[in-house]
Amino acid sequence: MTDRRTPGLCRSARNCLLVVLALAVFRPFPARAQAPTASSSTATVEERLARLEKLLAETRAELAAAKAAAPAATEDARLKEIEQKIDVLTKEIEALRIGEAASPANAPEHYGLGPAASKVYAKKGVSIGGYGNVLYQNFSSREQNGEPSGAGDTIDLQRVVLYLGYKFSDQFVFNSEVEYEHAVTASDKEGEVEVEFAYLDWTKSRAFNLRAGLVLIPVGILNEQHEPTTFFGARRNNVEELILPSTWRELGIGTYGSSGILTWRAYLVNGLNASGYTADAGIREGRQEGSLAKAQNFAFTARLDATPLPGLLVGASVFTGDSAQGLVDSSGQPFGALTTTWDVHAEYRFRGLTLRGLYAGVSISDAAQVNQANGYEGDESVGSRLNGWYLVGGFDVLSLVSGARMSLSPYVRYEQYDTQASVPAGYLRNPANDVNILTTGVAFKPIDQIVVTAEWQKIGNAAKTGTNQWNLGLGWIF
């Protein structure tokens, strides 16, 4: 078996995740005094609206009384302060009325969804939401080795997504996501229309609920919460595109819930299809996506997260099951192709600071038989082992400005992944699949539902054929 040992630099960088999070958690930040607010993480939307509206009415009465007491003092600082308070309260009420999508932090954590996708749980009846993004990519004319890259610049309406849900009652909910990719679906275009998820929930209690249908596989950070305002980057990170193949969904049934600091999800779903595995994209094209999915093999997937401290989330996930789906090797013998993915992840948020880190791995048994069934030779081999990791950090500099409602967040991300970390005996690794990417950028949010991103990516690989690029992104949720 051909293998590769992780360089010492990569090992120490991965270990930095725990060190950085520990420093973030235990650093003695001074407490900042804050005015009492009507919002609460445990209050319902209706309760929070009622409290805010009561506070707004009281503040307006205070303003009227102040003006009556000193009608000539139109420039009085006290009057301006009260008027500013009214403006803040009015905007907060408006944000709540248009839905919880205005504030990702308020999305119910145990639903395992992004903020816009979670709107259906807020009130009975029909719920409509969505998101989308535009991406401009400007590629370097040269590869790492100095050869012409041949890459042409592109601009693309990457996706427009509509959420449609219906809350029948306090116990039954339907939720769905339909995605339109690349603007046009035609024989000469790459556009597609896809159902990203469509499921029914039975919400019995906080600790035990059922979910059935086309479900998002609960792995990593991005797969369930992939809306463009929820992560740093004009493009999704490659580790969660290729090692954990976002957006990954399969048909199945399972349970989810939370208790104390713990949240979990566990599903039985159809297995992957190894006929789609490739050397460069790993298991990504093995996703069956609920489209006439082969069901000779099933899989189990589960996730556990903990929030031991305010702002800190740590967790892990696993997906495991055979994926041959009836394939046979070169001698006509069936095989299993057991595919197992796993990851450990962490996120820390404090005021304007956000830190994230993830390490993921994939193992594929019978990789040689998969190669035989698919006709792969030489360095076309699927990896018997794949792995990848990333660290990302960003800071909202406008969080230092009192009363600021916009955000401006410089960020840095480093990721490394290899879709052929190991290959079966008799096959070769392609060094172009051993990739590292450094991304530096800035994300601007004029409001919480809109993000404009500019970034530069230094892309390298062991074959020295990486091509650097600039990206501009526009994203929105509602």
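Nothing in this text is a laboratory measurement; each read-out follows from the coordinates by a stated rule. Just so we're clear, the structure is a prediction, and the values are computed from it rather than from any experiment. Here Cβ is always computed from backbone atoms with ideal geometry, including for glycine, and neighbour counts include all displayed protein chains.
List of remarks:
- When each of the peptides 289-302, 76-89, 117-130, 306-319 is scored by the mean number of other C-beta atoms lying within 10 Å of its residues, the order from highest to lowest reads 117-130, 306-319, 289-302, 76-89.
- Computed extension gain for Asp188 through Leu472, at 0.36 nm per residue and net of the alpha carbon distance, reaches 99.7 nm.
- Scaled radius of gyration (Cα, divided by 2.2 N^0.38 Å) that the range 227-328 gives: 1.23
- Computed from the alpha carbon atoms alone, the convex hull of the chain holds 167 Å³ per residue.
- Rounded to 0.05, the FRET efficiency of the Lys458 and Glu58 pair, given R0 = 56 Å and the Cβ-Cβ distance, is 0.55.
- Note, ³J(HN,Hα) from phi for the range 218-229, Karplus 6.51, -1.76, 1.60, rounded to Hz, x at Gly and Pro: x, 10, x, 9, 7, 4, 8, 10, 10, 5, x, 8
- Sites Leu200 and Asn138, calculated FRET efficiency, Cβ-Cβ separation with R0 35 Å, nearest 0.05: 0.20
- Only helical runs count toward this figure. For the chain, summing -39,500 (n - 2.57) over DSSP H runs of n ≥ 4 and dividing by all residues gives -5000 deg cm²/dmol at 222 nm.
- Listed residue (Gln469, Tyr348, Gln420) projecting farthest to the positive dipole end of the range 339-478, Cβ model: Tyr348
- In straight-distance terms, cross-link reach from Lys80 covers every one of the aspartates and glutamates whose alpha-carbon lies under 13 Å from its own, apart from those fewer than eight places away in the same chain; here that gives Glu62.
- Space enclosed by the convex hull of the alpha-carbon atoms of the range 287-407, per residue, Å³: 151 Å³
- Rotationally averaged projected area of the range 127-278 (alpha carbon convex hull; nm²): 12.2 nm²
- Extension reserve of the Leu79-Ala425 stretch, reckoned as 0.36 nm per residue once the Cα distance is removed: 116.7 nm
- Under the convention that each Lys and Arg Cβ holds +1 and each Asp and Glu Cβ holds -1, the size of the dipole of the chain around its Cα centre is about 1480 debye.
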